[in-house]
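Please treat every number below as a calculation from the coordinates, not as lab data. Since the structure is predicted, the reported quantities are computational estimates derived from the model, not experimental observations. When we count neighbours, we look across all protein chains shown, and the Cβ atoms used for this are built from the backbone with ideal geometry, even at glycine.
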Amino acid sequence: MNRFFINSIAFLTAGAGMMGCSLQMEEARRPNILFIMSDDHAYQTISAYGHGLNETPGIDRLAREGAIFTRSTVTNSICAPSRAVLLTGKHSFLNGKVDNVQPFNWDQDNFPKLMQANGYQTAMIGKIHLDGIPQGFDFSMVLPGQGQYYNPDFLIEGERVRMEGHCTEIITETTLDWLKNERDPEKPFCLLYHQKAPHRNWQTAPKYLDLYDDVTFDPPANFFDNYEGRGRAAKEQEMQIHGHAQWGHDFKMVVDPNGDSTGFHRELNRFNDKQREDWLAAYTPKNEEFKAKYANLSDEEIALWKFNRYIKDYLRTIKSVDDGVGEVLNYLDEAGLAENTIVIYTSDQGFYLGEHGWFDKRFMYEESFRTPLLIRYPKEIKPGTKIDKLVQNLDLAPTFLDYAGIEIPEEMQGESFRKLVAGETGEWRDAVYYTYYEYPSVHMVKRHYGVATDRYKLMHFYYDIDEWEMYDLETDPMEMQNIYNDPAYADVREMLHVKLKELREYYGDSDELNDYYLKAYLDHRANR
Ligand code: CA
């Protein structure tokens, strides 16, 4: 990337921040921010993205009435690190939360803290997945760690409280309750409404237990991927739906087809009697039907059954997420808040829905590198806007601050996309940087970093291997053929190496930092 170009963008952004402090802007009512996020929500399951798997009328409203980003990506495709990036506006290697085991330092700046200090009423409701007492919120109600789907515990202002019901519905109800009863009408608000769903293991709310029972889903074209044409990283992962997902935890069988107890009965212990009765009434007949024919099924047929069990549970949890978005948007209408509230919908990363045979995330391949991003702000964003520029989760913190008229701290590395989405500028970065660290660990996705442009991607897998991969998304959108050593792409390869080097310097990453975080990770594993 051209450093001068980046610097001029940063200058423009700082200019917008200063304008925000002008008298004229201060007199105008500052916008509210409703930041909606879900966990592991694949863009493939938002109907506005056009994949045709399901209908999400609630989320789609934001695309229709605002903007949808088609190349929104993350800097590190795993839960807690992505959240740390979202809050701080800094890459993982600078905010320190590179993987799920490193502690998060709440003492560093984050955008809610800055908004709170500048007169915003701030609240965090739902999943945050960062240990320690959240800083920057007037009110917080968060799940401890991953949290539970049924009758979850929450930390309300740090105090542990068990709440009866389904997690997705509780988080929505609490959000509505906060807006109706706790909101200070004298102040603008910044509300983080963050769902746990559709995170593994995709436990459906009672009302949707039978949804999609009469549908059979076809898997993606590369579901039976044999990983030829790629290196060891794609071959040696452990995230295959048919191979690594579990009969009990993932496919919800109390007794597996071989007659073995799976441990899912322990998960059902958390349910109350009515919830357990409804759950078993829905799953038992389907499980028994599968077990009865299991011995006569081919390996491929079993894989397709697993894919369907997985995708249906995943989509059922999405249904509740989307209901919640619809309810909250309706409330903004009723309360007269829609016009002056910026609503963002995103996820902490994307997810595999059978592409390459996988579930989970972590890789820089498209399905987990990309994440949904939709935004509505009637005062500045034209309905039906579509943005194909490369934005990242890194950009949200500076964007929120820009909208609020708060100066963006120098150390934040993202760029505000306020002007871009308003159609006031076409200038934007032409490449983005990615890092992933959590290896060796569950799912065994190797450490890597890389660069992506609108068309190409270059990745370096390191630590116990030293392999480069390169893809042309125009000719190979499913990333099936590594073209790193293809002579026809020699110039592209050189261009990507230059960009990668520039971006690593620009953001302050290095092999030394990789070594530092590797040592910290291995020390943690040795001492646990
Ligand atoms: Ca996640």
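Below are the figures for this structure:
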read-out: Rg/Rh for region 417-487, where both radii come from Cα atoms and Rh is the Kirkwood radius; value: 1.09
read-out: Region 69-143: radius of gyration and largest Cα-Cα distance (Dmax), Å; value: 12.5, 34
read-out: Relative contact order %, the chain, counting alpha carbon pairs below 8 Å whose residues are six or more apart; value: 25
read-out: For region 122-241, the spread of Cα positions along each principal axis, largest first, Å; value: 59, 37, 28
read-out: Karplus-derived HN-Hα couplings along region 29-45 (A = 6.51, B = -1.76, C = 1.60, θ = phi - 60°), whole Hz, x at Gly and Pro; value: 6, 5, x, 6, 10, 10, 9, 9, 9, 10, 10, 6, 7, 5, 4, 4, 10
read-out: Under-5 Å amide H pairs with I33, H placed in peptide plane, nonlocal only; value: F189, C190, L191, I342
read-out: Kirkwood hydrodynamic radius of region 345-400, from inverse mean 1/r over distinct Cα pairs, in Å; value: 13.0
read-out: Separation in nanometres of the label points that stand 7 Å from Cα toward Cβ, at D273 and A292; value: 3.0
read-out: Built amide H within the under 5 Å cut-off of T73, gap 5+; value: T371, V391, Q392, N393
read-out: Gain on full stretching of the segment that runs from K382 to E159 - 0.36 nm per residue minus C-alpha separation; value: 76.0 nm
read-out: Qualifying lysines (Cα of each under 20 Å from Cα of K187; at least 8 residues distant if same chain); value: K113, K379
read-out: Debye-sum result for region 445-485 in log10 I(q)/I(0), which assumes one identical scatterer on each alpha carbon, at q = 0.20 Å⁻¹; value: -0.59
read-out: Separation of the A221 and I302 label points, Cα + 7 Å toward Cβ, nm; value: 2.9
read-out: Computed [θ] at 222 nm, helices only, for the chain once each DSSP H run of length n ≥ 4 contributes -39500 (n - 2.57); value: -11000 deg cm²/dmol
read-out: In Hz, Karplus ³J(HN,Hα) per residue of region 83-92 (6.51, -1.76, 1.60; θ = phi - 60°; x = Gly, Pro); value: 5, 5, 5, 4, 6, 8, x, 10, 4, 3
read-out: For region 106-175, alpha-carbon Rg and Dmax in angstrom; value: 12.5, 37
read-out: Sorted peptide list for 328-340, 392-404, criterion being average Cβ within 10 angstrom, highest first; value: 392-404, 328-340
read-out: Which listed pairs, of K196/K319; K127/K361; K235/K446; K291/K312; K97/K499, have C-alpha distances above 22 Å, in listed order; value: K97/K499
read-out: Packing rank of 494-506, 66-78, where each peptide gets the mean count of other beta carbons within 10 Å, highest leading; value: 66-78, 494-506
read-out: Test item: Cα-centred dipole of region 359-506, Lys/Arg +1 and Asp/Glu -1 on Cβ, debye; value: 520
read-out: Whichever lysines have a C-alpha closer than 20 Å to that of K386, once near sequence neighbours (fewer than 8 apart) are set aside; value: K419
read-out: Under Karplus coefficients 6.51, -1.76 and 1.60, residue-wise ³J(HN,Hα) of region 370-378 in Hz, glycine/proline x; value: 7, 8, x, 8, 9, 9, 10, 7, x
read-out: Taking only Cα atoms of the chain, radius of gyration then Dmax in Å; value: 22.7, 75
read-out: Percent antiparallel among DSSP beta bridges (both partners in the chain, rounded to 5); value: 55
read-out: P(r) of region 332-429 over all Cα-Cα pairs, binned every 5 Å from zero, in whole percent; value: 2, 11, 19, 20, 18, 13, 10, 5, 1, 0
read-out: Residues with amide H under 5 Å from that of S38, placed H, sequence gap 5 or more; value: Q195, T346, S347, D348
read-out: Descending semi-axes in Å of region 248-311, equivalent ellipsoid built from Cα gyration tensor; value: 23, 11, 11
read-out: log₁₀ of I(q)/I(0) at q = 0.09, 0.19, 0.22 Å⁻¹ - region 359-477, Debye sum with one point per alpha carbon; value: -0.32, -1.11, -1.29
read-out: Among 279-292, 358-371, the order from most to least packed when residues are scored by Cβ within 10 Å on average; value: 358-371, 279-292
read-out: Residue-span extension gain [R266 to L473] - 0.36 nm each, minus C-alpha spacing; value: 70.1 nm
read-out: Whole-number Å³ per residue for the convex hull built on Cα positions in region 61-205; value: 140
